[in-house]
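Novice: Quick one: structure below, then a few questions.
Nothing in this text is a laboratory measurement; each read-out follows from the coordinates by a stated rule. Just so it is clear, the model here is predicted, and its values are computed rather than measured. Reconstructed Cβ throughout: ideal geometry from the backbone, glycine too, with neighbour counts over all protein chains shown.
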Amino acid sequence: MIVSKREKQIAIATAAAVGLFVLIDFVWQPYSDALDQIQTQTDAVNKQLQDAGALFANQHRLAKIWADMQAHGLKTDESQADSQLQHAILDWEQRSGVTQQTLKQDQARKEGDFDVVGYRVTADGSMRSIVQFVWALETATMPIRVTDIRITPEREGGTDQLSVTLGVSTLCASPTPAQPAGAGQKSSEADAGDLTS
C-alpha cells in the first residue's frame, strides 16, 4: 500500500492532535490541578500564620489590660466584688449629684471562668448629673459592664429632671478547683529535678 504525501501529512496531523490531546488530558491537567491545590494550601497556611501573628500581638496588649484589671479591682471572692461594686455605685451617684431611688441586687451567675455580680439602679437627676454618672460607670478602672440603660423624663413640661434605670455588673474570678494533696509538691520536685539536670 502506497501512501501519498497528502495522506502522510493527514496522518501526522492526526497523530499530533491525538498526542496533544493525551498530553493535555493526562499530563498538563493533573499538573495544573496540583498547582491550584498547592496555591490553595499555601494561601490557607499564610492565613493561619497571619492569624497566629495577630494573636501574639493581641496577647501582649491583652496581658497588660488583664494585669490592670487585676491590679484595679478584679476580685476572687464574690462578696468582695459585690461590696466593691455597691460602694462604687454609691460613690459615683454621690459625686455626679444623682439621687438614688432603688438599688436592687441581681442574682449572681456564672459566665465562663468568672462569676457575674450585678445591680439594677434607678436614680433621678439633671441631664448633666445623669451624664456624669453614666460617664463614671463607663470609665471605671474596675471591671464593670453597663448591661442596659433607659433614660426617661421625670415630668412633662420641659424640665431638666430625668430618671435613669440601668443594669450594671462586675466580674470576679471563680476560685480554681483545689489540687489533690501532694500534687503541688510533686510538681515542685519535678521542676527542681529539671533544673538540676
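Novice: Would you tally the net charge around LEU171, using a Cβ to Cβ cut-off of less than 14 Å, leaving LEU171 out, and scoring K and R as +1, D and E as -1?
Specialist: Net charge in that neighbourhood comes out at -4.
Novice: Let me ask you something else. Which value does Rg/Rh take for the stretch 1-130 over its C-alpha atoms, Rh per Kirkwood?
Specialist: Computed over Cα atoms, the ratio is 1.63.
Novice: Right, here's the next one. Under the rule of at least 5 residues apart or a separate chain, name every residue whose amide H is placed under 5 Å from the amide H of PHE114.
Specialist: Amide H neighbours of PHE114, under 5 Å, 5+ apart: SER174.
Novice: Restricted to Cα positions, what overall size does the stretch 8-71 have along the principal axes? Three whole-Å values, descending.
Specialist: So the three principal-axis extents are 91, 12, 8 Å.
Novice: In whole Hz and in residue order, list the ³J(HN,Hα) couplings for the stretch 81-90 that follow from phi through the Karplus curve 6.51 cos²θ - 1.76 cosθ + 1.60, θ = phi - 60°; x for Gly and Pro.
Specialist: Karplus values, whole Hz, x for Gly and Pro: 5, 4, 5, 4, 5, 4, 5, 5, 4, 4.
Novice: Also, quick follow-up: Taking a cut-off of 18 Å, what percent of all Cα-Cα pairs in the stretch 78-173 are separated by more than that?
Specialist: 43 percent
Novice: Report the net charge of residues surrounding LEU103, where surrounding means a beta-carbon distance below 14 angstrom and charges are Lys +1, Arg +1, Asp -1, Glu -1.
Specialist: -3
Novice: Also, I was wondering about something else. For the stretch 113-140 and the stretch 27-47, compute the distance between their C-alpha centroids and round to whole Å.
Specialist: Here the answer is 55 Å between Cα centres.
Novice: Tell me, what ³J(HN,Hα) does each residue in the stretch 41-48 have, in order and in whole Hz, if you take phi through Karplus 6.51 cos²θ - 1.76 cosθ + 1.60 with θ = phi - 60° and put x for Gly and Pro?
Specialist: Values per residue, Gly and Pro as x: 5, 4, 4, 5, 5, 4, 5, 5 Hz.
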